[in-house]
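Before any comments, here is the structure.
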Amino acid sequence: IRRRAEEAELKRIEEEEERANLTTRPLPLADPAQPAPSVPSPPNVPPPPPPSRDEEEASELREKFSIALDRGKLDKASGFLDELSLLLTDANEIEELRERLQKLRRQQQDEAKARKRAAEQQGKESAAQERARRESLQKKLAALFQKANSFYQSEKYDQGLEILDELLTL
């Protein structure tokens with residue numbers, strides 16, 4: 001398909017150049033005795049044959065494969081690649097498509113690992129913060145309990161009751 005497109009483009013360019021040469025060439029003065037020179041018509045080149053059904057299907061599958069890769073749907077892309085490998089005869093093209101799929105697969109695995117590591121790190125940090133908060137609370141409770149006991153021992157019951165109320169709220 002690519003080769004045919006290039007050939008058609010070259011043909012179009014040649015025709016444009018030929019038309020440009022015809023318009024820029026000075027025309028000889030017409031001699032009434034001689035018949036007017038005829039302009040050679042471009043050779044009849046038949047249009048390229050329409051693509052075969054297999055080529056159309058392969059082109060459609062390539063497009064679906066690319067779309068699936070762009071959307072990150074590796075399972076679908078893998079299915080399209082399997083179908084394409086049955087239609088395509090160019091082993092290099094199949095290998096390139098397979099490499100694109102593997103590259104995206106590795107990229108997604110790396111991103112998943114990075115997310116997992118970040119979640120584990122966040123979990124460790126939150127666990128450490130929770131542990132530090134509990135230790136701090138335990139120290140505070142122990143200090144208040146000791147203070148309440150001290151007030152009780154020195155028969156300062158009102159102050160001891162206030163500390164006990166604070167202990168119960170904590």
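The values are calculated or read from the model by the stated rules, or taken from the named source; none is laboratory data. Just so we're clear, the structure is a prediction, and the values are computed from it rather than from any experiment. Heads up, the Cβs are rebuilt from the backbone with ideal geometry, glycines too, and the neighbour counts pull from every protein chain shown. Accessible surface is based on the protein model in full, side chains and every heavy atom, while ligands, DNA and RNA are left aside. Shrake-Rupley method; radii C 1.70, N 1.55, O 1.52, S 1.80 Å.
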Checklist entry - Residues of the stretch 89-128 being open to solvent by 70 Å² or more (accessible area, probe 1.4 Å) and of a type in the set (Asp, Glu), which ones? => result 90, 95, 96, 99, 110, 111, 120, 125
Checklist entry - If you go through the stretch 139-156 one residue at a time, how many are among the hydrophobic types (A, V, I, L, M, F, W, C) and without any contact (Cβ under 8 Å) to a residue 12 or more places away in the chain? => result 2
Next on the checklist: Any residue that is in a helix (DSSP H, G or I) and within 19 Å of residue 1 (Cα to Cα) - is there at least one of those in the stretch 66-76?
Outcome noted: yes
Checklist entry - Of these, 111, 125, 130, which one is farther than 30 Å from residue 163 by Cβ and over 27 Å from the mean Cα position of the chain (by Cα)? => result 125
Checklist entry - Being touching a Gly at 6+ places or on another chain (Cβ under 7 Å) and not aliphatic (A, V, I, L, M), is that true of even one residue in the stretch 144-151? => result yes
Checklist outcome for this item: Over the stretch 129-150, the set of residues under 21 Å from residue 169 (Cβ atoms) and open to solvent by 90 Å² or more (accessible area, probe 1.4 Å) is 133, 134, 135, 138, 139, 140, 145, 146, 147
Checklist entry - What pairs can you find where one residue is in the stretch 49-64 and under 20 Å from residue 75 (Cβ atoms), the other is modelled with pLDDT of 75 or more and open to solvent by 60 Å² or more (accessible area, probe 1.4 Å), and their Cβ atoms are less than 7 Å apart, with a gap of 6+ or different chains? => result 61/83
Checklist entry - Just wondering, is there one or more residues in the stretch 41-57 that are open to solvent by less than 100 Å² (accessible area, probe 1.4 Å), at pLDDT below 60 and either of a type outside the set (Lys, Arg) or more than 30 Å from residue 91 (Cα to Cα) (or both)? => result yes
Checklist entry - Looking at residue 123, is it touching a Ser or Thr at 6+ places or on another chain (Cβ under 9 Å), over 30 Å from residue 61 (Cα atoms) and small (Gly, Ala, Ser)? => result no
